[in-house]
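Shown next, in structure tokens, is the structure this report addresses.
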Amino acid sequence: MGEMSGGFFVGDRLGKASGTGCKCQQVTLPAVLIILTSALFLPNVYSPVIEFLWTDFAKIEIAASPERVWSVLSTPGILQKTHPFCRANPVDKWPGPGSVDYVHYYGGTTMIRRITDWHEGSGFDLVIDDVKNQLEKFDVSWRVSASENNSTQLSIRLTPSDVPIRSWHLPWILMWRYQSASYLPPLLAGFKYYIETGHPVTKNQFGPHSLSPASPEED
């Protein structure tokens, strides 16, 4: 288990989220300022800049075969056992493209997931949005790949859809980075824990989040 480095940094360097063993892509504050400034003078880089600033990526190594990891990842309703912020994960349709399920968070928010692409054995892509706030929509990609020492890498990529121009402001970018950095590692750590131990995760097992605030007994 490693500790996350302080601050944000650029490129392929990855920081380990404390207590999860998960590696997350992060971006330095100076880099954010440089990229935003460049975009103001080079309009044609708008889309790449948005994608770079707002796409977050995390991965984790799991001591299991790719087949085992895929079997768990593709199980209907599995988030209720693997997601430490998820209270329930009812399913409308599963599996394959067009699959639909819901993520009921402990904090009261409900998100709907719609599978757009299904890659049997290696992952799937989806769109997830708040059922009460259609402006909060995200593109998500899950991937499973073989790794060294008979282990498997599970990764997730998350990008907000249709980022409004107000979100170019630095506070919005930093807020998004903070939220995603405290969301993706516990999510992946939950899969690792369940696959390696066979036990479902508990609420906020790796720390609370705004979608799953700590209850008084957890403080």
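The values are calculated or read from the model by the stated rules, or taken from the named source; none is laboratory data. Note that this is a predicted model, so its numbers are computed, not measured. Backbone-built Cβ (ideal geometry, glycine too); neighbour counts: all protein chains shown.
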Problem set entry | Subset of the stretch 94-117 [in a strand (DSSP E or B) and out of contact with any Asp or Glu (no Cβ under 8 Å at 6 or more places or on another chain)] | VAL103, HIS104, TYR105, ARG114
Exercise. Can you tell me which residues in the stretch 63-122 are touching a residue at least 12 places away in the same chain (Cβ under 8 Å) and hydroxyl-bearing (Ser, Thr, Tyr)?
Worked result: SER65, SER74, THR82, SER99, TYR102, TYR105, TYR106, THR109, THR110, THR116, SER122
Problem set entry | Test result for LEU135, at pLDDT 75 or above, within 19 Å of the chain's Cα centre (by Cα) and among the hydrophobic types (A, V, I, L, M, F, W, C) | no
Seminar exercise, completed: Of TRP118, TRP70, the only residue that is touching a Phe, Trp or Tyr at 6+ places or on another chain (Cβ under 9 Å) and crowded, with 16+ Cβ neighbours inside 10 Å is TRP118
Problem set entry | Selected residue (criterion: nearest to the chain's Cα centre (by Cα)) from residues of the stretch 73-86 that are surrounded by fewer than 17 Cβ atoms within 10 Å (Cβ to Cβ) and either polar (S, T, N, Q) or not in a loop (DSSP other than H, G, I, E, B) (or both) | GLN80
For this session: Out of the residues in the stretch 87-115 that are among the aliphatic types (A, V, I, L, M) and crowded, with 17+ Cβ neighbours inside 10 Å, state the one that is modelled with the lowest pLDDT.
Result: MET111
Problem set entry | Residue in the stretch 126-148 that is in contact (Cβ under 8 Å) with a residue 60 or more places away in the chain, out of contact with any Lys or Arg (no Cβ under 8 Å at 6 or more places or on another chain) and not in a strand (DSSP E or B) present | yes
